[in-house]
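This report concerns only the one structure given below.
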Amino acid sequence: MNKYFLPICKGEKVIKFIINKKSIITFGIGLFLVITLSFISINPNAFAFPVNVFLLMLLVFFSVVTGQLVERFSFFYSSKTAGLVSIYILVLMIVHWLFYHQTIFSDTVFPSSLYNFSTSGLFVFSWMFFLLVLGAVIVHRITTVKKNNSLFLFIHIGLWVVLSAGFFGKADEYTMQTIVNNDYMINQAYTSDNQEMNLPFSLGLHGIQKEYYASGEIKTIVADLIVKDKQKETKVHVSVNSPYRYKGYDVYLMEAGGNTSKIQIVYDPWRYIVLLGIVIMLLGTIGNFFRGFKNQT
Amino acid sequence: MIAWNNFYVFVIVCSFCWGLASIFALVKNQSTLFFRLVIYLQLLGIIVLSTFIIGLTYRLLRPPLQTMGEIRLWYVLFLSLVGIITYIRWHYRWILIFSTIMSIVFMSLNILKPELHNQNLMPALQSVWFIPHVIIYIFSYSLLGCSFIIALVGLFKRNFKYLNACDNIVNTGVSLFTIAMLIGALWAKDAWGHYWTWDAKEIWAGITWLMYLLYIHLRLHRYNRHTLSYILLIFCFLALQMCWYGVNFFPSLRESLHAYV
């Protein structure tokens, strides 16, 4: 009897797929990549400007190439890939959550991705791969499909802008903390790895205002800061949810007590690009909410 | 004066209205009168619960959106609203039974385990983003909860016609979930300096969001995978529970920026 006429049940198909030589090789390469990349720790600031812009342009170039050569690279925009990538990212996120801040793995043979996922090679590779697939999908949609595109493009381009600007912008971003008090002005702040950074202005504390509920719980905390730039002094108010922005730096109130305040200073030159991505995505999502579900098959 | 200590009265009235509406909804070959009666009873329960929420807002001098007990109130309100909308739109007679059972369970939890410990809004929650972020999230949770009920019934009955309703409800729910998440990102930038901090709560919001996106893409491109779609929807809802309150039971939330929720 011809072998093609033999009935093959689902279980057999799965077993055949598993023992297939091609699947074993693909799985082996994948596992090797995951393990190797887990052991590589990447310093985000190594991608600082102009490296990040160059990488971004390279990513756009490859997305366009992949998206346009649809026949050769159909893998990149197929729903199977989207599904696999999503499942892969889901697994990575769960792993990240499970070991979130569990520094017991620090300085051991365990891969860095277990306790510091966002600076691991695995994270960087996964993120870049996801951006490449997403970019290819967008290019394919623009160049090939050309219909019912507006909402799709809003949502997907918005997501691409948010993820790429958030990722590459992280390299130029600095988060610093400092203590200000009434006695002197300070223009140094420290990153989480204790690196001293000079600010283009000085900060001092003028006073702290606290308001309480009748129950004695804290209602509002406002720190009155003095910002001195060259010879110009300005008095500003900083409170939770209400930072002060100056020369591209965002000044946040972390803690306030006695005559000192703990201040966080964030320098994030890509913040408005991420914001643009969020706005584009919001518009697309609101549009999608009103349009409803439309099956494409 | 409306307060938590007389909440049980509102629960009894709401349960009576919604219970009666659910029983009437189960009647086969309904006349227009029965159909309207179901809607009016369901709406009456919604008005009663809304009255309690408004009264509580006046009592607390802030919107009741802070503790888990307060959030449950909104969940029940939106769930009953989504239930009646689904009933009117798709005529699923059984949907109100499920939305009523879930509502009664949540309201009973509030009576048995009230979280009334904090009446004041802490500084971190005093933001213009607070109300839209929480309300939109809870509305999306209600919709996604409703899709979970439909998926369970569809899977149990081995009937795939319910997937169309699931698609519509999930699409609306995920749109709202996305909007709430983006609003949360904007708020986080204002409060902590970063749009996303890989916080335990945020990670689970991301996982839930990705899972629902997986469902939407599966339905768009592999329309005939019915059983898989139902099963995925059930897992999506489990992820949603993990995001909503599941993470609260794990040590990772102690260091979380969302520790107050």
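The values are calculated or read from the model by the stated rules, or taken from the named source; none is laboratory data. Model, not experiment: these values are computed from the prediction. Every residue, glycine among them, receives a Cβ derived from its backbone with ideal geometry; neighbour counts consider all protein chains shown. When the accessible area is computed, the model is the full protein with side chains, heavy atoms only, and any ligands, DNA or RNA have been set aside. Shrake-Rupley method; radii C 1.70, N 1.55, O 1.52, S 1.80 Å.
How much FRET efficiency would the formula 1/(1 + (r/R0)^6) give for residue A:54 and residue B:159, where r is the Cβ-Cβ distance and R0 is 56 Å, rounded to 0.05? Intermediate results must be reported in sequence, preceding the final value.
Values: r = 55 Å, r/R0 = 0.98.
The computed FRET efficiency comes out at 0.55.
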Chain pair A, B: total accessible area buried, heavy atoms, 1.4 Å probe, Å²: 4500 Å²
Mind grabbing the accessible area of residue B:36 for me, 1.4 Å probe, Å², rounded to tens? 130 Å²
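In what order, largest first, do A:125, B:24, B:235, B:52 sit by accessible area if the probe radius is 1.4 Å? The partial results should precede the final answer.
Working: A:125 90, B:24 50, B:235 115, B:52 0 Å².
From most exposed to least exposed: B:235, A:125, B:24, B:52.
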With θ set to phi - 60° and the Karplus curve 6.51 cos²θ - 1.76 cosθ + 1.60, what are the ³J(HN,Hα) couplings of the stretch B:184-197 in order, to the nearest whole Hz, using x for Gly and Pro? x, 5, 5, 5, 4, 5, 6, 8, 10, x, 9, 5, 9, 10
Rg (Å, one decimal) plus Dmax (Å, integer) for the alpha carbons of the stretch B:161-260? 15.2, 47
Going by amide H atoms built from the backbone, whose H comes under 5 Å of the H on residue A:255, apart from near neighbours? A:262
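Over 19 Å apart: what share of the alpha carbon pairs of the stretch A:147-255 falls there, rounded to a whole percent?
On the way: 3478 of 5886 pairs.
In whole percent, the share of Cα-Cα pairs in the stretch A:147-255 beyond 19 Å is 59.
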For an R0 of 22 angstrom, estimate the FRET efficiency from the Cβ-Cβ distance between residue B:190 and residue A:209 and round to the nearest 0.05. 0.65
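Compute the Kirkwood hydrodynamic radius of the stretch B:118-162, taking the inverse of the mean of 1/r over all pairs of distinct Cα atoms, and give it in Å to one decimal. Before the final figure, lay out the partial values.
Working: mean 1/r = 0.0763 Å⁻¹.
For the stretch B:118-162, inverting the mean 1/r across all distinct Cα pairs yields 13.1 Å.
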Where the centre of each part is set by its Cα atoms, how far does the stretch A:39-66 sit from the stretch B:164-230, in angstrom? 27 Å
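Starting from the residue with the highest accessible area, list A:150, A:63 in decreasing order, probe 1.4 Å.
Working: A:150 80, A:63 5 Å².
The ordering from most to least exposed comes out as A:150, A:63.
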Okay, which of the stretch B:215-240 sit inside 15 Å, backbone N to the point 7 Å along the Cα-Cβ direction of residue A:290? none
So what are the three principal axis dimensions of the protein assembly as shown from its Cα atoms, in whole Å, longest to shortest? 82, 75, 46
Hey, any idea what % of the protein assembly as shown's accessible area is carbon plus sulfur with a 1.4 Å probe? 67 percent
Give me a comma-separated list of calculated 3J(HN,Hα) values for the stretch A:246-263, in order, Karplus coefficients 6.51, -1.76, 1.60 applied at θ = phi - 60°, integers in Hz, x for any Gly or Pro. 8, 6, x, 9, 9, 9, 10, 8, 9, 9, 8, x, x, 10, 10, 9, 8, 10
Residue-by-residue Karplus 3J(HN,Hα) for the stretch A:275-290, coefficients 6.51, -1.76, 1.60, Hz, glycine and proline x: 4, 4, x, 5, 5, 4, 5, 4, 4, x, 5, 5, x, 5, 4, 7
Mind checking the mean number of beta-carbon atoms from other chains within 10 Å of the Cβ atoms in B:166-173? 3
Scaled radius of gyration (Cα, divided by 2.2 N^0.38 Å) that the stretch A:20-70 gives: 1.63
Summing +1 for each Lys or Arg and -1 for each Asp or Glu, what net charge is found among the other residues whose Cβ lies under 15 Å from the Cβ of residue A:46? -2
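Arrange the residues B:1, B:107, A:57, A:185 by how much accessible surface each exposes, largest first, with a 1.4 angstrom probe.
Heavy-atom accessible area, descending, gives B:1, A:57, A:185, B:107.
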